[in-house]
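See structure below.
The values are calculated or read from the model by the stated rules, or taken from the named source; none is laboratory data. Note that the coordinates shown come from a computational prediction; the quantities given were computed from them, not determined experimentally. For neighbour counting, all protein chains shown are included, and Cβ atoms are generated from backbone atoms with ideal geometry for every residue, glycine included. Heads up: the accessible areas ignore ligands, DNA and RNA and are worked out on the full protein's heavy atoms, side chains in. Shrake-Rupley method; radii C 1.70, N 1.55, O 1.52, S 1.80 Å.
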Amino acid sequence: MTAAVPAPRALVRALWPEREPVVALWVWQCLVATVLMCCLTALVLGAAAVFHTVRDRVFAPAPPAVTAAYDLSVAPLWAVALTVLLACGAAWTTAMLTRELVEARRRRGQTRAHLRERAPELPAGLPAARGPMLVLEDEYPDAWWMPGHPAQLVVTTGALHRLTDHQLDAVLTHERGHARAHHDWLLHLSSALATGFPRVPLFSHFCDQTHRLVELAADDAASRRCGHLTTALALIELNQHRGVLSCASSRRLLGERVDRLLEPPPRLLRRQRALTTTVAALVPLLPLLITFAPGLTALG
């Protein structure tokens with residue numbers, strides 16, 4: 001419960017994630033992993049209590065004292081109901097993840113087909129454009145990374161005309177930052193969990209913060225290579241027609257990103273980053289420790 005309710009709320013209110021978006025993304029993933037691990041261990045123990053076949057398989061290599069320590073011989077009615085509920089939750093989670101991946105693959109296929117239609121026809125004998133970068137003739141300035149096989153960076157001629165060489169380098173570095181960190185997988189996971197369990201605060205916060213933090217992390221990657229001012233100017237040039245500095249909720253993140261680049265917050269100390277990362281990585285082990293505690297005590 002601590003990982004599912006108060007911890008996400010405290011993390012949302014905290015100010016340090018803006019200073020260290022990569023570390024914050026890791027902390028969010030560890031919180032989600034902790035909750036999922038709690039549900040998984042509870043499901044296994046519940047199934048072992050309800051079904052003799054499962055109990056025999058789970059505790060097959062264990063001494064009789066370990067099996068007796070869990071006292072799974074008789075399952076109360078509430079344990080049966082909880083096990084069924086957890087099993088339904090596991091099935092629903094799998095269905096949502098599968099649906100998200102299938103939809104993402106379908107959208108990528110449609111996008112690639114649309115790009116093939118827009119791409120100019122090459123003279124006979126020249127190979128099709130399958131390199132890491134694809135330039136589209138379009139006055140609308142835009143640039144995005146299209147994951148898949150092969151992954152491609154798509155840039156319009158409007159963006160090439162609007163951006164300087166250094167600003168274009170910042171945009172390319174930003175998009176490559178998304179690709180190197182596999183942010184698309186993290187976005188798929190957060191979206192699937194938030195869609196499947198919209199009333200769970202952890203998953204809704206995880207989805208919102210993931211969409212925000214991946215952009216901040218990619219901005220940091222671009223600013224480290226090209227400078228904060230260059231990256232901010234590139235962001236403004238690409239988005240000023242959308243109202244980058246407006247107060248609309250859908251565009252507020254763009255304004256926050258520009259402000260953060262123009263006045264970059266100080267980073268955490270290396271010791272603080274290492275400590276936060278290590279503690280977050282240990283949190284998902286707590287459900288396992290609690291689960292194995294009776295058996296370890298019986299062996300001791």
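For this structure, a couple of remarks:
- Condition met for Leu299 (more than 25 Å from Pro61 (Cα to Cα) and not aromatic (Phe, Trp, Tyr)): no
- Residues that are surrounded by fewer than 15 Cβ atoms within 10 Å (Cβ to Cβ) and within 15 Å of Ala217 (Cβ to Cβ), drawn from segment 265-277: Pro265, Arg267
- Test result for Val74, open to solvent by 60 Å² or more (accessible area, probe 1.4 Å), at negative phi and at pLDDT below 90: yes
- Take the conditions (1) open to solvent by 50 Å² or more (accessible area, probe 1.4 Å); (2) over 30 Å from Glu137 (Cα atoms); Arg106 misses just one of them, which is (2).
- Residues (over 15 Å from Pro294 (Cα atoms) and open to solvent by 40 Å² or more (accessible area, probe 1.4 Å)) located in segment 51-71: Phe51, His52, Thr53, Val54, Asp56, Arg57, Ala60, Pro61
- Test for Leu160: is it in a helix (DSSP H, G or I) and surrounded by fewer than 20 Cβ atoms within 10 Å (Cβ to Cβ): yes
- Only one of the numbered conditions (1) more than 30 Å from Leu275 (Cα to Cα); (2) open to solvent by 80 Å² or more (accessible area, probe 1.4 Å); (3) under 18 Å from the mean Cα position of the chain (by Cα) is violated by Thr98, and that is (2).
Residues are listed down the side, and each one gets a yes or a no for (1) open to solvent by 30 Å² or more (accessible area, probe 1.4 Å); (2) of a type outside the set (Asp, Glu); (3) touching a Leu at 6+ places or on another chain (Cβ under 6 Å):
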site: Trp16; (1), (2), (3): yes, yes, no
site: Ala24; (1), (2), (3): no, yes, yes
site: Gln29; (1), (2), (3): yes, yes, no
site: Thr34; (1), (2), (3): no, yes, no
